[in-house]
Amino acid sequence: MTDPSTQADDVGEMMEAVSESCVYCRCGCCKDGCPVYEEVLEESMSPKGRNELIRAVLKGIVEPDERAMRIAYSCLLCRRDEESCGARLKNSEAVEQFRAFLLRRGLEMLPEHRDLANSLRNYGNPWGQARSSRKRWASAATWSQRAPQPGSNLLFVGCTFALDRSLLATPRAVASIMDKTGGSFQVMLEDEVCCGSTIKRIGEERMFSELRKANCESILFSGARRVVTPCSGCYKTIAQDYGDMLQGVEVMHSTQYILEVLRSQRLRVAGLDATVTYHDPCHLGRYAGIYDEPREILGFISGLSLVEMRNSRELSMCCGGGGGVKTAYGDLSLRVARKRVREAERTGASILVTACPFCVQTLSAASESLDSSVTVEEISVLVDRLSADGGGGES
Ligand code: SF4
Ligand code: SF4
């Protein structure tokens with residue numbers, strides 16, 4: 001339990017996050033486009049309802065309990081509502097802070113999230129897999145492993161791409177692209193631990209700090225000048241939530257790297273006669289403003305026709321995999337993902353391209369469950385299979 005002065009600071013910070021403008025307005029415009037509210041149609045699970053709960057708890061009108069926890073953890077942290085709020089309130093930030101606040105007050109983590117936290121504590125990843133499993137993606141590598149050099153690029157794979165067997169093609173594709181484009185690069189394999197994104201979104205601050213420290217030490221020790229990651233969650237977390245702990249190290253998403261090598265003609269891609277739509281991952285789009293790079297990459301592929309979904313770029317709808325919702329509310333997550341796949345189908349595209357492991361997981365599962373004509377493909381895998389000597393195949 002925290003001491004009273006710390007508790008007062010906590011309340012002050014939270015009050016700032018849930019700005020007073022919402023108190024006066026309470027218009028509910030933010031419900032427009034909230035994928036969770038659209039599915040459940042319950043005011044308490046809308047951004048407006050969650051703000052009301054946060055204020056009631058902070059003012060001492062409501063004692064936080066299990067129901068409050070359930071409501072706090074029903075948010076995808078996708079920030080779609082902020083595009084509809086005239087006051088541009090940062091509701092996701094408030095929810096993330098509120099979750100941490102509830103845990104600091106001694107409330108129990110949701111049982112669905114407890115396994116994930118235990119796995120992080122024991123193995124350094126949320127998927128319950130041994131640390132040595134992180135090497136799996138590199139076992140069938142066709143790229144030549146050069147001796148790392150100070151100042152080189154470092155490929156930070158992330159837990160989900162490294163440990164989900166259905167996603168191994170992505171780290172292999174990114175490594176293959178980095179290999180083909182010349183410079184030496186390093187991989188951390190079992191020295192990499194979770195970036196801490198998942199546990200930070202859940203509100204467990206201490207564990208996040210430990211993971212951040214471990215990764216920063218390894219990255220700085222490597223002497224790398226740039227960290228390149230194909231995971232949108234890792235990118236957002238390392239670039240924005242690691243603060244200045246990685247001073248002097250540039251953090252890039254793989255789409256930024258791929259665009260750079262395409263523009264400089266260090267990488268060339270063959271054509272593809274296909275209609276494709278692109279899904280903006282929330283961590284890459286609304287959180288980091290990376291909307292143009294993936295589209296520009298697709299523009300390098302001759303014959304490819306890019307068609308936009310009704311909700312794209314800033315207005316893109318979440319895949320359903322964010323904010324710990326998939327773990328706590330699996331059915332809700334799938335419903336949100338299915339809606340997104342239906343949106344993709346309406347464009348007439350045969351391929352739904354995206355740039356995040358969680359989006360690939362949720363949208364692929366939704367596409368399969370709908371027996372959809374749309375297949376999901378991660379952007380590095382697409383680029384690598386169209387580039388000369390592509391080496392990012394399935395295991
Ligand atoms: S972040 Fe997403 S799920 Fe959460 S309230 Fe906003 S729109 Fe809804
Ligand atoms: S749209 Fe903005 S001001 Fe209106 S209720 Fe939602 S968060 Fe509050």
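Any read-out appearing in this document is the output of simple, stated calculations on the displayed coordinates, not a laboratory observation. Quick caveat, the model's predicted, so the values are computed rather than measured. Here Cβ is always computed from backbone atoms with ideal geometry, including for glycine, and neighbour counts include all displayed protein chains.
Brief remarks on what is shown
- In the chain, the calculated helix contribution to ellipticity at 222 nm averages -13000 deg cm²/dmol per residue, counting -39,500 (n - 2.57) for every DSSP H run with n ≥ 4.
- Distances between placed amide hydrogens fall under 5 Å for Val227 paired with Leu154, Glu250, Val251, Met252, all partners being 5 or more residues away or on another chain.
- Theoretical FRET efficiency, 1/(1+(r/R0)^6), r = Cβ-Cβ of Glu260 and Ala140, R0 22 Å, to 0.05: 0.25
- Segment 284-327: proportion of alpha-carbon pairs further apart than 11 angstrom, %: 73 percent
- For Val376, distant residues with modelled amide H under 5 Å away: Leu352
- Rounded to 5, percent antiparallel among DSSP beta bridges of the chain: 5 percent
- Derived scalar couplings ³J(HN,Hα) [segment 170-177; Karplus, 6.51 cos²θ - 1.76 cosθ + 1.60; whole Hz; x for Gly, Pro]: 5, x, 5, 5, 5, 4, 4, 5
- Helix 91-104 axis, angle to the chain major axis (alpha carbon atoms, nearest 10°): 70 degrees
- Rg and Dmax [Cα atoms of segment 268-386; Å; Rg one decimal, Dmax integer]: 13.5, 43
- Percentage, to the nearest whole number, of Cα pairs in the chain over 35 Å apart: 26 percent
- Using alpha-carbon coordinates, inclination of helix 47-58 to the longest axis of the chain, degrees: 50 degrees
- Cβ-based charge dipole, segment 268-386, positive-most Cα from Ala288, Cys319, Gly303: Cys319
- The phi torsions of segment 305-315, fed into the Karplus equation with coefficients 6.51, -1.76 and 1.60 and a -60° offset, translate into couplings of 10, 8, 10, 8, 6, 4, 9, 9, 6, 4, 9 Hz, rounded to whole numbers, with Gly and Pro shown as x.
- Residues Asp331 and Gln240, FRET efficiency given R0 of 35 Å [Cβ-Cβ distance, rounded to 0.05]: 0.70
- Phi angles of segment 254-268 translate, via the Karplus equation with coefficients 6.51, -1.76, 1.60 and θ = phi - 60°, into HN-Hα couplings of 4, 5, 5, 5, 4, 4, 4, 6, 5, 4, 7, 6, 7, 9, 10 Hz per residue; Gly and Pro are given as x.
- Each peptide in 227-234, 186-193 gets a packing score, the mean of other Cβ atoms within 10 Å over its residues, and the list from highest to lowest is 227-234, 186-193.
- Crossing angle, helix 357-369 versus the chain [Cα axis fit, 0-90 degrees, rounded to tens]: 90 degrees
- Built amide H within the under 5 Å cut-off of Ser305, gap 5+: Ala274, Thr275, Val276
- Point-charge dipole on Cβ atoms (K/R +1, D/E -1) for segment 205-302, about Cα centre, debye to 20: 180 debye
- Remark: relative contact order (segment 268-386) = 30 percent; criterion is Cα-Cα distance under 8 angstrom and separation of 6 or more residues.
- For peptides 73-84, 329-340, sequence by mean Cβ density within 10 Å, most packed first: 73-84, 329-340
- Compared with the alpha-carbon gap, the fully stretched path from Leu41 to Arg105 is longer by 20.1 nm at 0.36 nm per residue.
- Straight Cα distances below 18 angstrom link Lys339 to the lysines Lys31, Lys326, with same-chain residues fewer than 8 positions distant left out.
- Top of Ile219, Ile258, Ile61 by mean-square fluctuation, Gaussian network on the chain, Cα under 10 Å: Ile61
- Cα-based shape type of segment 148-226, given that a ≥ b ≥ c are square roots of the gyration tensor eigenvalues and the cut on a/c is 1.5: oblate
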